[in-house]
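The values are calculated or read from the model by the stated rules, or taken from the named source; none is laboratory data. Computed from a predicted model, the values in this text were never measured in an experiment. Cβ placement follows ideal geometry from the backbone for every residue including glycine, while neighbour counts extend to all protein chains displayed. Note: accessible area is taken over every heavy atom of the protein model, side chains too, but ligands, DNA and RNA are not part of it. Shrake-Rupley method; radii C 1.70, N 1.55, O 1.52, S 1.80 Å.
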Amino acid sequence: MTYASTAIAGPRIRVPHVAMPKLRSLRLSPRSRALVMMGIMISPCFLADTIGYCVQRLFNTANQIAEREAPDTMLSQISKFDVACPATDTPLAAQEGWAGYADHQGWPMYPQAGVRCFNPDRNLRGVVGLKVFSVACPTAVLSALDQRRWVAYAADHDWGPYPQAGAGCVDP
C-alpha cells in the first residue's frame with residue numbers, strides 16, 4: 001500500500017473530465033437582478049450587527065443594560081449653560097469692555113460667578129481674556145429623591161459643586 005505522500009504523479013494518474021452543469025438563468029429584469037444582489041450582499045451586515053449586539057449584551061452588567069434601556073430623565077430637569085468671566089489679570093478697562101459687549105449683545109449678567117460675568121448665548125471658549133466654564137443647575141426645585149439622584153449623577157460624572165450659582169448647581 002502506498003501513501004499519498006510517496007506516490008509519484010505520472011501519466012498513469014488521470015483525472016476524468018466532467019462537464020460543468022448548465023444552470024438555467026432566471027428570467028429577471030435588470031432592476032430585479034440588482035435588487036436581489038443588493039439583498040444578498042446587505043443581509044450579512046444586518047445579521048452581523050444583530051449577533052454583535054447579542055454578544056455585547058452577554059458581557060454587560062445588569063446596571064449597564066438598565067442604563068441603556070431606561071431614558072435619562074435627569075438631564076431633562078437640568079439646565080446646562082456657559083458662563084464667561086473676564087480674566088482677573090486683564091486691565092479694568094478691558095473687563096468693563098467685556099461687560100459692555102455682553103450688554104450690547106443682550107447677554108444677561110451672571111453675578112453669582114463674579115462681578116462682570118455673563119451668560120453668553122454661544123460658546124466663547126478660546127477667546128483671549130475670557131475664562132469660560134459650564135454650569136449645570138436644576139430648572140425647578142427637586143424632590144428629595146430627585147435631589148439624591150442629581151447628587152449621585154453629578155458625582156458619577158466627576159462634576160464638582162458650584163454653590164455660588166445656586167442650590168444644587170455643579171461645574172461640569
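A compact table of results
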item: Conditions (1) farther than 19 Å from Val170 by Cα; (2) crowded, with 17+ Cβ neighbours inside 10 Å; number of the one not met by Phe118; result: (1)
item: Residue list for the stretch 128-153, restricted to those being touching a residue at least 40 places away in the same chain (Cβ under 8 Å) and closer than 17 Å to Thr88 by Cβ; result: Gly129, Leu130, Lys131, Val132, Phe133
item: Matching entry among Leu75, Leu124 (being touching a Leu at 6+ places or on another chain (Cβ under 7 Å) and modelled with pLDDT under 80); result: Leu124
item: Residues that are modelled with pLDDT under 80 and hydroxyl-bearing (Ser, Thr, Tyr), drawn from the stretch 143-156; result: Ser143
item: Any chance Asp146 is of a type in the set (Asp, Glu), assigned to a helix (DSSP H, G or I) and within 25 Å of the chain's Cα centre (by Cα); result: yes
item: Residue selected from the stretch 127-142 under the condition closer than 11 Å to Gln77 by Cβ and modelled with pLDDT under 75, by the criterion least open to solvent (accessible area, probe 1.4 Å); result: Leu142
item: Output for the stretch 155-172, where each listed residue is touching a residue at least 24 places away in the same chain (Cβ under 8 Å) and assigned to a strand (DSSP E or B); result: Val170, Asp171
item: Pairs, first without any contact (Cβ under 8 Å) to a residue 40 or more places away in the chain and open to solvent by less than 80 Å² (accessible area, probe 1.4 Å) in the stretch 85-96, second of a type in the set (Phe, Trp, Tyr) and in a helix (DSSP H, G or I), C-beta under 9 Å, six or more apart; result: Thr90/Trp98
